[in-house]
Amino acid sequence: AAAEGREATKPMVATKGRASYLGERSVGHIDPGAASTVLLLTALDDVVSGRAS
């Protein structure tokens, strides 16, 4: 679900943070906060499920 949410940010126009300065040019790019959140949640899932080394 987190990965789907990350991909869902591509067609959005950034209105907050540094990306908001790009306006319409932000369309087509994944939100960095969404991307990093997916990494964190994936790592947490690996640890909880015992897949982490």
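Data overview
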| item | result |
| --- | --- |
| Counted residues, the chain - those being outside any helix (DSSP H, G or I) and out of contact with any Pro (no Cβ under 8 Å at 6 or more places or on another chain) | 18 |
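Every residue, every condition in (1) surrounded by 12 or more Cβ atoms within 10 Å (Cβ to Cβ); (2) touching a strand residue (DSSP E or B) at 6+ places or on another chain (Cβ under 8 Å); (3) of a type outside the set (Ser, Thr, Tyr); (4) at pLDDT 95 or above, yes or no:
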| site | (1), (2), (3), (4) |
| --- | --- |
| ALA3 | yes, no, yes, no |
| ARG6 | yes, no, yes, yes |
| MET12 | yes, no, yes, yes |
| ALA19 | yes, no, yes, no |
| PRO32 | yes, no, yes, no |
| ALA35 | yes, no, yes, yes |
| LEU40 | no, no, yes, yes |
| GLY50 | no, no, yes, no |
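The values are calculated or read from the model by the stated rules, or taken from the named source; none is laboratory data. From a predicted model like this one, the values you see are computed outputs, not experimental measurements. With ideal geometry, Cβ positions are generated from the backbone for all residues, glycine too; neighbour counts draw on all protein chains shown.
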